1. Arrange the following residues from fewest to most other Cβ atoms within 10 Å of their Cβ: His36, His192.
2. Based on other C-beta atoms within 10 Å, arrange Met214, Met67 from fewest to most.
3. Please identify which residues in segment 212-230 have an amide N closer than 19 Å to a label point set 7 Å out from the Cα of Lys252, following the Cα→Cβ vector.
4. Could you sort the peptides 125-132, 88-95, 193-200 by per-residue average Cβ neighbour count (10 Å cutoff), highest mean leading?
5. For Thr159, which sequence-distant residues (separation of 5 or more, or a different chain) have an amide H within less than 5 Å of its own amide H, given hydrogens modelled in the peptide plane?
6. Could you give the alpha-carbon Rg of segment 122-256 over 2.2 N^0.38 Å, rounded to two decimals?
Amino acid sequence: MRHRRKTLFLSIGALFALTGLFVAACGDSGIDEDEHDAVQQRLAAEESRAQALEQELSAAEERAQEMEAELASTLTNIAERVVVLAAVPVDPPEPRPEPTPLPEGEGPPPPPSPPDAYFEPVGDFIFVVETIASGGAVGDEEAGYWAYDPSCVQSSTFTRSTRIVWRIEVIDPATGTRVLDDVASVKVVLPHGEERDMRFSQRGGGRNPDAPWMWATSWDIPADYPVGSLDFQVVVEHEDGRSGVYADPYIKVEIIDGQTEL
């Protein structure tokens, strides 16, 4: 815009110079008529150019005002939608009270014993199961909420409309080796009966040659799925006829509402 203003000022200066030349020429009775016409044409051309530059400058100023208004509107819209978390200063917590001393001659209670199930055989297969948040923001703008989960982080709590990923290792204690897809199939069975077949592959799609291999599958949690505990099962079926079930007895996966109003 500064360049256009400079051009406009130079054009106006040139216009004044031509005007002076024209007046001087008219004062001299010996001026040539052709030269007089040429000066008039140049003067008219500079006047037209100055008017055009002035119109361009005016249009540019109007566009700049429109862009400033659009930017202010965008910043206001962002400020209304973004939730800013702020820390609130609080007093430090009270120190923990000293434990009550035991009566003289008494010792601490014995530690609890594991339940009987921990002493029973694990079955034909050993399962190593983890549930992963896939990450990102998923939601329904028309419904007015979004759900946010961290990316590729182990979790036992998931919000509706997000994706839960299972990564599983299956070990055959009879051979001491991992169960691969050339001898078995593995699937996740959800409480409502849906089954998700698992695929044996290398994490990261093989981009890292040292990444581990494991069974994996995922499931997109519907926006209206009931909240609460997700009692899934992992089922392995070996080609030799053996089968095993992991019934999630230790890690409970919870589904929560997680709605955030826009």
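Bear in mind these aren't lab numbers, they're just calculated from the coordinates by the rules spelled out. These numbers were taken from a predicted model, which means no experiment stands behind them. Here the Cβ is made from the backbone with ideal geometry for all residues, glycine too, and neighbour counts use every protein chain on show.
1. Least crowded to most crowded, the residues run His192, His36.
2. Met67, Met214
3. 226-230, by backbone N distance to the label point.
4. 125-132, 193-200, 88-95
5. Ile256
6. Relative to the rule-of-thumb radius for its length, segment 122-256 sits at 1.12.
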